[in-house]
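Below: the structure, in structure tokens.
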Amino acid sequence: MLAGSLELDLLNQRLCRGTQSIALTPKAFGVLRLLVEHAHRLVTKEALLNSVWPGARVEEGQVKQFVSELRRLLQDEARKPHYIETVHGRGYRWIGEITVRCGTHGDAASPASAGTAHCATVSSIIGAEPICFGREADFVLLEQRFAKAVSCSRQMCLVSGEPGIGKTTLIGAFVHRIAARQAFWLLRGQCSQQPAVNAEPYFPLLEALDNACYAPEGKALLALLRQYAPLGLTAMPGHLSADESLQLHRLTEGLGQERRLREYSTFFETLSLQQPVVLWLEDLHWADPATLALLSHLARSPRPARLFVIASVRPKEMYASNSALHLLVSDARSRRVGIEIELPPMNEQSVCQYVQLRLAENVDSRLGHGIFSATEGHPLFVSAMTHAVDMDVALARKVADDPQTAFAERVPDTLREIVEQALGALGEEERNLLEAASIAGRQFSAAEVAAALKIDVEQVEHRCEQLFQQRLFLGRVGVSEWPDGTLAGEYRFLHNLCFRAVYLNVPPSRRARLQNLISKHIEQMHPDELLVRNVALKLHLAGNGSGEPARTDAATEENLHNLRRQ
């Protein structure tokens, strides 16, 4: 047997045998850490490359060199290993006993061979693992950042995207994934849009801590709060006796918010030295100023901490030039502790997999392709449409045969309600613009909308650009030139279903008036285009007898697009 027990100090990135320190390069330490964290489990060469050399081009031979170096330092043999076992053609496995230290006060964790993840606690906090398709590249980025956090390099990851794109689903699935192999504290809080709730400093953090204190490991959290954040604990009276509450209020009387910020910062850093902390905040764009100030302080602190902040956010608030959140994100990026992952729609293969899983038996193979065609892969729309066809056999047949026609005849109530809520959150000018734009077609010129609203083209372009920058309803297409030399921005509704829902929201009398104004403008600008536009308007007016927009012929749309440029 080799003399002396091994001890891995994560905070100081040091390996010791007894009282003797074993010198390791940062990369060698990273390889050892990953093996130890996955003790008695296979760690593939790909996993080592992605974790220790994220984003770099490294040959597998270099991994072998570092493993050989570790074996030399550990006095281990490849043929008769005590610590690192080779799984030929696949990777390596840690098989030895080692004590892992997370702090500097002699507080040792249990041997890695006995470590287990908090799977049960994670499930109790966030429920069962959600279904998530087509996000493997995003999982890889999150895994890389989490590995950095576990190595005492605090990280902040913002998952951004429009409502319904799958931010919460991705984060939930990721948390379940890492819980299967890594023990950590999970703290989850929800930011609120309600002014009364948002007025309380640190509201999402208090919610996260309050929930965690009721978990089996909650006593340890309360003990640390009493020691390092007594002022913060006074905001959680449900966990204090009457006498203790009175005593804490006396001790903290007169202390301000600045003291509370320092207390929370010390608390999170100390907690992370016991085991990594995953702080999950939903809808960070609604966070109160105190919460954002604390996150900024945590991002700036140079002290080691195994802290991983992951939050969902909407681009509208992310890109506001005067937003405190925008300043926080910019600062975290400049310090290389923060990234933003903007979620795209699902691809066709992922939609088909999801539909197959949801509908299971006797599903027409064309159905998934039809739903993708109609929804363009937006997860919320995919879910709503899948539910709709599951409840309506006749609709399912129509979708499989001709999805565009099928969904031209109906927009699920859930989607219409979502669009109406989004419209209601806009100002009156933006709502009027979108309604006029829906009359002009899914793709439209700012000149057409200006004619319908009887305002200047530049005003329309300015509002369209604002909606585009905020990722709300519209995307930018380019510039169109009318026969009189007028240059106007051309835009397009981001989603076909949103376009239809906005169109349906326009009262019939207003719809007819706007169509008439757009037709007159086109007639003045380009008589030939009026003929094409009349075809499109008839299709809109005909619908299916209920006033809904029918499918516009692709050739018609292409002719309109070309004529604007003649």
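Listed by position, the helices (runs of 4 or more DSSP H) inside region 206-261 whose residues that are modelled with pLDDT of 80 or more and assigned by TED's automatic domain parsing to the domain that holds Gly189 number at least 1 are 218-228, 230-233. The requirement of being more than 25 Å from Leu294 (Cβ to Cβ), modelled with pLDDT of 90 or more and among the aliphatic types (A, V, I, L, M) is satisfied by Ala173. Check region 265-276 and report whether any residue there is farther than 25 Å from Ala235 by Cα and at pLDDT 90 or above. No; the residues of region 265-276 include none that is farther than 25 Å from Ala235 by Cα and at pLDDT 90 or above.
Surrounded by fewer than 19 Cβ atoms within 10 Å (Cβ to Cβ), within 22 Å of Ala287 (Cβ to Cβ) and touching a residue at least 40 places away in the same chain (Cβ under 8 Å): is that true of Ala212 in this structure? It is false that Ala212 is surrounded by fewer than 19 Cβ atoms within 10 Å (Cβ to Cβ), within 22 Å of Ala287 (Cβ to Cβ) and touching a residue at least 40 places away in the same chain (Cβ under 8 Å). Identify all residues within region 428-441 that are at pLDDT 90 or above and either basic (Lys, Arg) or part of a loop (DSSP other than H, G, I, E, B) (or both); write none if there are none. Correct list: Arg431 only.
Every condition in (1) of a type outside the set (Phe, Trp, Tyr); (2) under 17 Å from Ser445 (Cα atoms); (3) in contact with a Lys or Arg (Cβ under 7 Å, 6 or more places away or on another chain); (4) modelled with pLDDT under 85 holds for Arg492 except the one numbered (4). Annotation: Arg471 fulfils all but one of (1) modelled with pLDDT under 85; (2) part of a helix (DSSP H, G or I); the unmet one is (2). Checked against (1) surrounded by fewer than 19 Cβ atoms within 10 Å (Cβ to Cβ); (2) assigned to a helix (DSSP H, G or I), Ile131 passes all but a single condition, namely (2). For region 326-363, the candidate set comprises residues that are touching a helix residue (DSSP H, G or I) at 6+ places or on another chain (Cβ under 7 Å), assigned to a loop (DSSP other than H, G, I, E, B) and without any contact (Cβ under 8 Å) to a residue 40 or more places away in the chain; within that set, the residue that is surrounded by the most Cβ atoms within 10 Å (Cβ to Cβ) is Val363. A single member of Arg177, Arg181 is of a type in the set (D, E, K, R) and part of a loop (DSSP other than H, G, I, E, B), and it is Arg181. In the condition set (1) aromatic (Phe, Trp, Tyr); (2) farther than 15 Å from Ile165 by Cβ; (3) at pLDDT 80 or above, Phe407 is compliant with all but (3). Selection of region 269-300 for residues being among the aliphatic types (A, V, I, L, M), closer than 28 Å to Thr99 by Cα and in contact with a helix residue (DSSP H, G or I) (Cβ under 8 Å, 6 or more places away or on another chain) yields Leu271, Val277, Val278, Leu279. Filtering region 391-405 for residues that are surrounded by fewer than 18 Cβ atoms within 10 Å (Cβ to Cβ), touching a residue at least 24 places away in the same chain (Cβ under 8 Å) and under 30 Å from Arg513 (Cα atoms) leaves a non-empty set.
Selection over region 449-488 of residues that are in contact (Cβ under 8 Å) with a residue 60 or more places away in the chain and closer than 27 Å to Gly164 by Cα gives a count of 4. Within region 294-322, the set of residues being out of contact with any strand residue (DSSP E or B) (no Cβ under 9 Å at 6 or more places or on another chain), part of a helix (DSSP H, G or I) and at pLDDT below 75 comprises Lys316, Glu317.
The values are calculated or read from the model by the stated rules, or taken from the named source; none is laboratory data. Model, not experiment: these values are computed from the prediction. Neighbour counts are summed over all protein chains in view; Cβ atoms, including those assigned to glycine, are modelled from backbone coordinates with ideal geometry.
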